[in-house]
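One structure is given here, and the rest of the page talks about it.
The values are calculated or read from the model by the stated rules, or taken from the named source; none is laboratory data. The model shown is predicted, which means the values in this text are computed figures rather than measured ones. Quick reminder, even Gly has a Cβ in these numbers, built from the backbone with ideal geometry, and neighbours come from all protein chains shown. We work out accessible area using only protein heavy atoms, side chains counted, and drop any ligands, DNA or RNA first. Shrake-Rupley method; radii C 1.70, N 1.55, O 1.52, S 1.80 Å.
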Amino acid sequence: MVRTLIKELFSSTPSLNEKILVKGWVRTRRGNKNVSFIALNDGSTIRNLQIVITQDKFSAELISSITTGSSIGVIGTLVASQGAGQTIELQAEEVTVYGTCDPNQYPLQKKGHSLEFLREKAYLRPRTNTFGAVLRIRHNMAIAIHSFFHKKGFYYVHTPIITSSDAEGAGQMFRVTTLDMEKVPLTKEGKVDYKKDFFGKSTSLTVSGQLEGELCALALGGVYTFGPTFRAENSNTPRHLAEFWMIEPEVAFNDNHDNMDLAEAFTKHCVQWALDHCMDDLTFLAEHFDDKLIERLHFVLEKPFDRITYTQGIEILTEAIENGKTFEFPVYWGADLSSEHERYLVEEYFHNPVIMTDYPKEIKAFYMKLNDDGKTVRGMDVLFPQIGEIIGGSEREEDYDKLKKHAEEMGVPEKDIWWYLDTRRFGSVPHAGFGLGFERLLLFVTGMTNIRDVIPFPRTPNNAEY
């Protein structure tokens with residue numbers, strides 16, 4: 001018999017009195033000596049299917065082996081439920097126990113568990129309602145991303161995870177090597193001899209696929225990357241991971257205004273997709289973690305994002321301070337704004353998502369196009385409630401001499417980006433792009449407050465379990 005997913009039973013009008021096969025994990029079992037009621041979940045939906053097992057059909061030994069956490073398969077007849085809390089139930093006729101679970105040792109009991117506790121049990125937490133919901137939403141957001149770009153004619157490109165360049169110029173990269181750490185080969189000058197390493201040079205895990213994405217955009221027109229990136233930043237905060245996923249579109253012939261339009265359409269598409277495809281999971285998360293979640297998702301869709309310059313943002317924040325508003329971090333022209341500043345603009349001043357542009361060149365990356373004032377670059381950040389910056393992007397510098405000069409000023413070695421510079425000599429065009437941290441998007445869509453809770457197995461300082 002072909003297995004039926006539980007979500008299929010709740011997503012359409014089920015055929016009652018039909019014999020079906022379901023398989024899953026037992027969430028709870030209750031009842032008396034005559035009948036047992038089992039809540040079965042197969043991961044396809046937040047909802048459980050009630051299984052009714054009567055004592056006259058099954059042995060006491062089999063029933064006693066069906067405990068919380070055990071896995072079973074059930075063939076039975078689907079009927080309308082007479083009890084409260086569910087519309088349908090399955091009257092069991094055959095039961096197979098695939099895997100037993102000792103209730104005295106299983107960490108996930110019916111009682112509520114803290115998110116901190118579940119992080120310690122990350123190998124089991126996908127079985128909980130909370131993380132089942134988060135992972136299903138994560139899947140749907142990935143589908144939404146591919147759907148959006150595919151419909152717009154973009155091409156999905158796979159950029160390298162191992163790289164010899166630091167796209168951000170930050171230097172916080174994980175080293176990749178096959179050298180024996182007990183016997184590291186040295187040059188005559190006493191430095192590591194990377195010529196004897198696997199790639200013949202110093203290599204690291206990438207912090208961004210942007211630079212390689214630009215190369216493809218300058219041939220295919222519009223491309224996007226969607227893959228893992230890495231940053232060796234020793235930050236134990238609710239907003240940082242050492243391994244995270246990035247979506248980075250790059251578009252030939254786009255300027256920064258086109259870039260802003262694309263970013264706004266993209267984020268609205270993802271939020272609408274969540275509302276259209278994940279409402280059961282969103283409702284659960286709203287009820288248990290954030291009662292304003294669904295309201296906040298609609299907030300993003302209601303009207304166009306406000307667009308301001310960095311200088312205007314500083315003026316608004318300065319005026320707020322003069323009127324008694326306090327911030328932990330200072331506000332001045334040239335400061336790299338923190339999330340508290342960004343959230344004030346979104347949540348308290350504009351009451352709307354904001355796109356901020358034209359940042360001081362000193363606080364942005366070397367590849368951003370310089371404005372005519374010589375002080376600011378054509379960068380743009382999308383600011384969301386609860387999160388602050390959710391997207392960072394810019395129009396890219398297409399002029400060879402200007403790009404080379406800015407890279408030198410920012411301390412980016414030409415030997416590491418010669419190929420990137422060369423594209424400005426061979427048919428260069430205006431182009432723009434941005435990066436969206438996938439987990440940042442998931443924080444917003446799920447209402448979770450710690451980025452460790454929107455990725456299955458978080459990588460953070462002193463934590464690389466599983």
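For the reader, a short list of remarks on this structure follows.
- For the residues Cys216, Cys278, Cys101, a 1.4 Å probe over the protein chains yields an accessible-area ranking, largest first, of Cys216, Cys101, Cys278.
- In the assembled protein chains, Met1 presents an accessible area of approximately 130 Å² (probe radius 1.4 Å).
- Rh by Kirkwood over Cα pairs, then Stokes-Einstein D for the range 60-203 at 1.002 mPa s and 20 °C, µm²/s: 97 µm²/s
- Candidates Gln91, Ala122, Pro103 compared by Cα position along the dipole of the range 1-133: farthest toward the positive end lies Ala122, with charges placed on Cβ.
- Listed peptides 88-96, 297-305, 319-327 by packing density, highest first (mean Cβ within 10 Å): 88-96, 297-305, 319-327
- Size check on the range 34-102: the Cα extents along the three principal axes, sorted descending, read 29, 28, 18 Å.
- Relative contact order (percent, whole number), the chain, Cα cutoff 8 Å, 6+ residue spacing: 13 percent
- Two-decimal Rg to Rh for the range 223-289 - Kirkwood Rh, Cα set: 1.07
- Among the protein heavy atoms, those of Glu397 account for about 10 Å² of accessible surface (1.4 Å probe, every chain in place).
- When only the Cβ of Lys, Arg, Asp and Glu is charged (+1, +1, -1, -1), the dipole of the range 47-168 relative to its Cα centre reaches about 480 debye.
- In order along the range 77-83, the phi-based Karplus estimate (6.51 cos²θ - 1.76 cosθ + 1.60, θ = phi - 60°) of 3J(HN,Hα) comes to 9, 7, 9, 5, 7, 8, x Hz; Gly and Pro are listed as x.
- Across all directions, the average projected area of the convex hull around the alpha carbons of the chain is 28.6 nm².
- Average accessible surface area per residue within the chain, 1.4 Å rolling probe, Å²: 49 Å²
- Here the chain exposes an accessible surface that is 50 percent carbon and sulfur, computed with a 1.4 Å probe and the other protein chains kept in place.
- For the chain, the longest principal axis of the alpha carbon atoms and the long axis of helix 256-277 meet at an angle near 0°.
- Orientation-averaged projected area, Cα convex hull of the range 308-348 (nm²): 2.6 nm²
- Two-decimal ratio, the range 355-466, of alpha-carbon radius of gyration to 2.2 N^0.38 Å: 1.32
- Under the criterion of Cα pairs below 8 Å and six or more residues apart, the relative contact order for the range 154-255 equals 33 percent.
- Axis of helix 310-322 versus longest Cα principal axis of the chain: the two differ by about 70°, to the nearest ten degrees.
- Distance from the Cα centroid of the range 336-409 to that of the range 205-224 is 19 Å (rounded to whole angstrom).
- Simple Cβ-charge dipole of the chain, Lys/Arg +1 and Asp/Glu -1, about Cα centre, in debye nearest 20: 1780 debye
- Most positive-pole-ward Cα, Thr54, Ser64, Val79, against dipole of the range 1-98 from beta carbon charges: Ser64
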